[in-house]
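Below: one structure, written as structure tokens.
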Amino acid sequence: MNADQTVQSSAWPEGVVARYLTLVGATVDVRANGLLSRFECTGCPVDSGPWPHNMAHERAQAHAEKCRALPRPEVGK
Ligand SMILES: [Zn+2]
């Protein structure tokens, strides 16, 4: 993972099928697993699911719209 790349251009973590960008630059990542998906926020500790895919996407988007937590800068290197 390259910390110097922007969120939009950096490689997605393995298994992430969708990403919702929050207003402050964190992302809410949706991971699919079989018939279910779960989502986690890179800004705050939210990790929710599993949900049916459509619900996971809806909830991930809803979370991205209101979450104001900043993504934690990557440490070390
Ligand atoms: Zn969040």
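On a per residue basis, the chain carries 67 Å² of accessible surface, using protein heavy atoms and a 1.4 Å probe. Using 12 Å as the cut-off for backbone N distance, which residues of region 50-77 belong to the label zone defined by a point 7 Å from the Cα of L35 along Cα→Cβ? It comes to 52-53, nothing else. To the nearest 10 degrees, how steeply does helix 53-66 sit against the main Cα axis of the chain, on a 0 to 90 scale? Result, in degrees: 40.
Relative contact order for the chain using alpha-carbon pairs under 8 Å, separation at least 6, rounded to a whole percent?
The value is 28 percent.
Taking a ≥ b ≥ c as the square roots of the eigenvalues of the alpha-carbon gyration tensor, region 19-72 is classed prolate because a/c is 1.5 or more and a/b outweighs b/c.
Between L23 and M55, what FRET efficiency comes out of the Förster formula 1/(1 + (r/R0)^6) with R0 = 30 Å and r the beta carbon distance, rounded to 0.05?
On the way: r = 23 Å, r/R0 = 0.75.
After rounding, the FRET efficiency stands at 0.85.
The values are calculated or read from the model by the stated rules, or taken from the named source; none is laboratory data. Quantities reported herein were computed from a predicted structural model and do not represent experimental measurements. So basically every Cβ, Gly included, is an ideal-geometry build from the backbone, and we count neighbours across all protein chains shown. For the accessible areas, the whole protein counts, side chains as well, though only heavy atoms, and no ligand, DNA or RNA atoms are used. Shrake-Rupley method; radii C 1.70, N 1.55, O 1.52, S 1.80 Å.
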